[in-house]
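The values are calculated or read from the model by the stated rules, or taken from the named source; none is laboratory data. Predicted, not measured: the structure shown is a model, and the values here were computed from it. As a convention, Cβ positions derive from the backbone with ideal geometry for all residues, glycine included, and neighbour counts pool all protein chains shown.
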Amino acid sequence: MENSYKQLAAWSENNTFDLKISKKGKVFLGKKNANNSNLINKDHNKKKNYILEEGMIIEPLIDLGVFTKEGKVVKSKYDKYKQINRFVEIIDDEIKKNDYKELTILDFGCGTGDISFQYLQYQPTHKVLGIDASKTGIEFATETARLSDYKTATFLEGTDHTVKQLEENSFDGVILSNVLDVMPKDVSKEVVEDLERVLKPGGYWFIKMNPYYSKEELESFGYENMGNNIYEENHIMRLRQATTNYWKERFARFGKEIIYLEFEYPWQEGMNRLFVYQS
């Protein structure tokens with residue numbers, strides 16, 4: 001049990017269920033198809049085996065403040081650590097299922113490269129291209145890649161116009177973490193069209209969204225409603241509010257839904273949303 005919510009995980013032979021109750025009393029139930037036959041009648045009290053285990057010296061996670069220099073998880077970052085591993089597990093499942101040998105991933109809106117490095121820690125021979133409009137973020141990511149000796153990582157300062165210059169069908173996966181819901185609708189539509197062009201047939205979409213908040217919650221954050229579900233803070237766009245069903249309807253064009261997950265950050269109200277699709 002965490003201080004911020006109660007959580008219960010359960011499984012049957014063919015399904016996995018995740019029940020969470022937030023500290024405000026909201027109930028979130030997630031369900032996914034899964035082959036759990038190897039879990040039936042086994043000891044539930046065994047320690048969770050993470051792909052990125054505590055005790056490993058993982059330089060990017062140290063730089064990001066998730067691990068100490070000794071490889072211990074920073075207590076306040078434990079939820080972030082679990083989120084990182086869940087993300088890696090999803091990728092691991094798909095790689096094993098399809099026997100992929102080498103992938104090329106585009107992390108659009110990569111910021112300081114957090115998710116890119118999480119991926120490379122697990123698959124260091126795969127190629128990752130991170131693009132972000134922030135010069136500071138790209139400089140930090142580039143330096144982290146150099147210090148951690150990630151030779152297959154490249155980071156570019158750029159926008160959707162940079163994507164337009166990339167070769168068609170050149171990426172096996174696209175990562176969008178808190179990107180589409182901080183853009184005006186017309187801009188996000190154009191970005192998606194550009195990314196669809198560079199994603200290979202059968203490629204994967206990994207899309208993370210901010211939580212869905214009520215109007216009252218958004219006002220309590222100091223956000224101003226600018227109309228069309230757009231909220232600003234000090235004249236800076238912070239969020240384009242939309243329900244999970246809204247996004248699922250928009251993402252249906254991508255192809256098959258692989259998984260949908262909700263998870264909570266200890267420093268943030270509400271459930272973050274992760275959508276994974278295969279084209």
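Listed values, structure above:
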item	result
Positions within the stretch 121-133 being over 12 Å from ASP172 (Cβ atoms) and crowded, with 22+ Cβ neighbours inside 10 Å, in sequence order	GLY130, ASP132
Neighbours by Cβ (under 7 Å, 6+ apart or cross-chain): first from the stretch 144-162, within 12 Å of LEU129 (Cβ to Cβ); second among the polar types (S, T, N, Q) and crowded, with 16+ Cβ neighbours inside 10 Å	ALA153/SER116; PHE155/THR142; LEU156/THR162
From the options LEU166, LEU176, residue that is surrounded by 14 or more Cβ atoms within 10 Å (Cβ to Cβ) and part of a loop (DSSP other than H, G, I, E, B)	LEU166
Qualifying residue in the stretch 160-174 (condition: touching a strand residue (DSSP E or B) at 6+ places or on another chain (Cβ under 9 Å) and of a type in the set (Lys, Arg))	no
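Table: residues versus (1) in contact with a helix residue (DSSP H, G or I) (Cβ under 6 Å, 6 or more places away or on another chain); (2) modelled with pLDDT under 90; (3) of a type outside the set (D, E, K, R).
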{"residue": "PRO201", "(1), (2), (3)": "no, no, yes"}
{"residue": "TYR231", "(1), (2), (3)": "yes, no, yes"}
{"residue": "TYR246", "(1), (2), (3)": "no, no, yes"}
{"residue": "ALA252", "(1), (2), (3)": "no, no, yes"}
{"residue": "LEU274", "(1), (2), (3)": "no, yes, yes"}
{"residue": "TYR277", "(1), (2), (3)": "yes, no, yes"}
